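For reference, the structure discussed in these notes is given below.
Values in this text are rule-based calculations from the coordinates and carry no lab data. In this text the structure is predicted, and so the values were computed from the model without any measurement. Note: ideal-geometry Cβ built from the backbone for every residue, glycine included; neighbour counts use all protein chains shown.
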């Protein structure tokens with residue numbers, strides 16, 4: 001996810017996580033499986049299966065921005081399975097997008113109480129804290145997510161931890177997290193934009209160019225990526241590259257705040 005200011009999503013160009021990777025987790029169910037086996041989907045009760053179907057419907061409505069309908073599906077999922085941790089985490093995301101801070105926090109915390117070792121729940125709650133001025137507290141939840149060796153998308157939590165470190169002006173920690181994210185997933189656009197932005201702000205423009213070019217080679221030409229690339233080329237003195245990028249910004253995003261900044265020459269804002 002590409003964050004608007006440090007490379008956003010998240011939320012935001014990360015937007016919380018709109019990829020909903022937390023759905024890959026499977027809630028632990030009491031009495032599931034046989035001795036010597038881990039529980040699988042086939043061990044679920046009928047109520048748990050109904051709850052999962054309702055959750056899938058809720059995700060679909062959430063992606064369509066039909067929040068009221070999504071919340072109703074979550075309500076039905078929890079009526080079928082009151083201990084369905086994924087439903088609480090999903091409801092937390094919905095309430096976060098709606099600006100319902102107290103309700104979002106209650107649901108994120110309930111998801112973690114039910115499944116404390118689920119990395120996506122810790123990542124989601126950490127992101128919520130970061131977005132609500134509690135950056136320092138958020139780091140412990142990203143770290144909790146990263147401790148789980150089964151975590152399938154560690155670059156997400158690493159990018160989020162880096163983003164929140166930048167908000168705290170801890171650039172050394174941000175570089176460490178972003179670099180680890182790059183090692184975990186070199187092709188992740190958010191990681192590359194975050195590193196480009198970090199090095200641009202540091203004045204290491206050659207390294208900034210390296211990372212932003214990786215994003216553009218992947219055909220990701222959002223307004224904020226193009227604007228960052230323009231400012232990098234301007235610092236490096238490559239006027240031909242700057243002009244070419246500016247032309248793309250004009251063609252693709254003429255009505256954007258970034259193009260307006262380019263027109264008024266606000267390269268250092």
Between residue 101 and residue 63, what length in nm is gained on full extension when 0.36 nm per residue of separation is reduced by their alpha carbon distance?
11.7 nm
Would you mind calculating the gained length between residue 268 and residue 47 on full extension (0.36 nm times residue separation, minus the Cα-Cα distance), in nm to one decimal?
73.9 nm
Fewest Cβ neighbours within 10 Å first, please rank 163, 267, 142, 200 accordingly.
267, 200, 142, 163
Which of 227, 127 has the fewest other C-beta atoms within 10 Å, and how do the rest follow up to the most?
227, 127
For the pair residue 252 and residue 152, what calculated FRET efficiency results from E = 1/(1 + (r/R0)^6), where r is the Cβ-Cβ distance and R0 = 30 Å, to the nearest 0.05?
0.40
With a Förster radius of 41 Å, plug the Cβ-Cβ distance of residue 117 and residue 241 into 1/(1 + (r/R0)^6) and report the FRET value to the nearest 0.05.
0.30
Would you calculate the volume per residue, in Å³, of the smallest convex hull containing every Cα atom of the stretch 101-207?
90
Between residue 260 and residue 218, Cβ-based FRET efficiency (R0 25 Å, step 0.05) works out to 0.45
Give me the Kirkwood hydrodynamic radius of the stretch 134-265 in Å, from all C-alpha pairs, to one decimal place?
15.5
